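The values are calculated or read from the model by the stated rules, or taken from the named source; none is laboratory data. Keep in mind the model is a prediction, meaning the values are calculated, not measured. With ideal geometry, Cβ positions are generated from the backbone for all residues, glycine too; neighbour counts draw on all protein chains shown. The area values use the complete protein model at the heavy-atom level, side chains included, leaving out ligands, DNA and RNA. Shrake-Rupley method; radii C 1.70, N 1.55, O 1.52, S 1.80 Å.
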Amino acid sequence: MSQDLIGVVNAGSSSLKFSVYAGDECLLNGQVDGIGVRPAAKAKTGAGEALPPPDLSAMPPTTPGEALVALLPWLQDWLAGRTLAAIGHRVVHGGPKYAAPARVTPALIEELEAFVPLAPLHQPHNLSPIRTALERNPGLPQVACFDTAFHRSIPEVAQLFALPYEMAERGIRRYGFHGLSYEYIASVLPRAAPEIAGGRVVVAHLGNGASLCALRAGRSMATTMGFSALDGLPMGTRCGQLDPAVVLHLMTTEGMDAKAVEGVLYRQSGMLGLSGISSDFRDLLESDAPRARLAIEVFVHQVARNVASLAGAMGGLDGLVFTAGVGENAVAIRDAVCRACAWMGVELDEAANAARGPRITTRRSRVAAYVIPTDENLMIARHTRALVA
Ligand code: ADP
């Protein structure tokens, strides 16, 4: 059973990423970008060797569901007679109900449709390949793995906005995201960082999207993202936490409509908006432009401030873990965040940080900081295998 092949699908608005796992081993990784515009595919083995990519020219996909269909002949060739035992999908929103992955049925898809208004930029794209796969191959087990599920352990006081309570009953509350990444980190902590695994740990998932999660003995107690993936830290192009009066001001005084405000908050803000140069931290770290430096300073300020906020929610801090694109690779960002957290007992070991740790604090540091690579796809593969076994 453990060597059954599991497919993993992670669909976004214009891209579809897919992988195949045997046990915990990744055999295949692929990606279709530019869906609906100029679709292009690439693929590599789990070890990173490039493979001849699927040819999409005969039927250029306009949705992630069509991209999955367009990939199938290529995938059949690659499988060479083997079959997938199941497909696991990343789904951004499981609403207030789902605290664990769920087996896909027509009824589940209908239920997940109801969460589209909560995540209009992601949920429809996540559901499109699920629906397509169910229509084409109803016998193939599929599993939906939610980015919100891991955070359902957050106490109600940390989930509520101080809005009229009926609004919480209508679903307007903090959900939290990046849950598959945090769950993966929580699953490896006992082996990777045993001295902090049972304690109070802030995990910093710093990528193009960025958030922090407070883990107590491996369970989520609070997180910086809230009702949507817009809240919390500033990101590549998203603003992060914002006084809601700014939105009112943009609409009433500056006359922007909801679509225009959405564009500002999701696509023109964050590192791109502050720097005017790029949303990519590599570009900003290489740049001498004052606003590139300013953008990084704002980011570091917010990360450090929110680490303290989450430590406050847990009554203290034993560990800090950096993960995702920026957290795993940007030595200078980790350096600056750790220094800004020195007052909480984080004592950086510069050489260890430059060598990417895994432990990047000194032996006498009261708080242990680590660099631990995340793996959301592996988490999806494990959940899928467990649920269909
Ligand atoms: P997502 O999955 O949210 O798209 P990732 O976790 O892959 O994002 O992170 C992508 C980001 O990581 C890039 O935008 C880039 O800014 C940053 N990044 C990747 N490598 C480096 C590096 N060597 N130094 C600094 N930043 C990096």
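Per residue, the solvent-accessible area of the chain (1.4 Å probe, heavy atoms of protein chains only, all protein chains present) comes to 45 Å². For R291 and A332, the FRET efficiency from 1/(1 + (r/R0)^6), where r spans their Cβ atoms and R0 equals 22 Å, is about 0.85. Would you compute the Debye intensity of the chain from its alpha-carbon atoms alone, equal scatterers and no solvent, and pass along log10 I(q)/I(0) at q = 0.07, 0.14 Å⁻¹ to two decimals? Debye intensities relative to I(0), on a log10 scale: -0.33, -1.34.
Provide the FRET efficiency to the nearest 0.05 for the R82-A386 pair, computing r from the beta carbons and using R0 = 22 Å. Before the final figure, lay out the partial values.
Working: r = 21 Å, r/R0 = 0.94.
For R0 = 22 Å, the calculated efficiency reads 0.60.
Taking the alpha-carbon distance from K17 and a cut-off under 17 Å, which lysines remain once sequence neighbours fewer than 8 residues away in the same chain are dropped? Cross-link targets: K42, K44. Our summary gives region 195-371 a relative contact order of 22 percent, counting only alpha carbon pairs under 8 angstrom and 6 or more residues apart. Computed from label points 7 Å out along Cα-Cβ, the spacing between S15 and A355 is 3.2 nm. The order of the peptides 97-109, 308-320, 168-180 by mean Cβ neighbours within 10 Å, most packed first, is 168-180, 308-320, 97-109. Each peptide in 145-154, 111-120 was scored by the mean count of other Cβ atoms within 10 Å over its residues; highest first, the order is 145-154, 111-120. Rounded to the nearest 500, the 222 nm mean residue ellipticity of the chain from helices alone is -11500 deg cm²/dmol, with -39,500 (n - 2.57) taken per DSSP H run of at least 4 residues.
For region 266-333, what relative contact order do you get, as a whole percent, if you take Cα pairs closer than 8 Å and at least 6 residues apart? The partial results should precede the final answer.
Numbers: 43 pairs, mean separation 14.6, N = 68.
Value for region 266-333: 21 percent.
When a 1.4 Å probe is rolled over the protein heavy atoms, the share of accessible surface on the chain that falls to carbon and sulfur comes to 55 percent. Pairs of Cα atoms nearer than 8 Å and 6+ residues apart set the relative contact order; for the chain it is 14 percent.
Look at where the Cα atoms of region 1-33 and of region 324-370 average out, and the two centres are 32 Å apart.
Divide the volume of the convex hull around the Cα atoms of region 5-152 by the residue count and you get 111 Å³ per residue.
Annotation: aspartates and glutamates with alpha-carbon distance below 15 angstrom to K97 (same-chain offsets under eight excluded): E110, E111, E113, D147, E156, E169.
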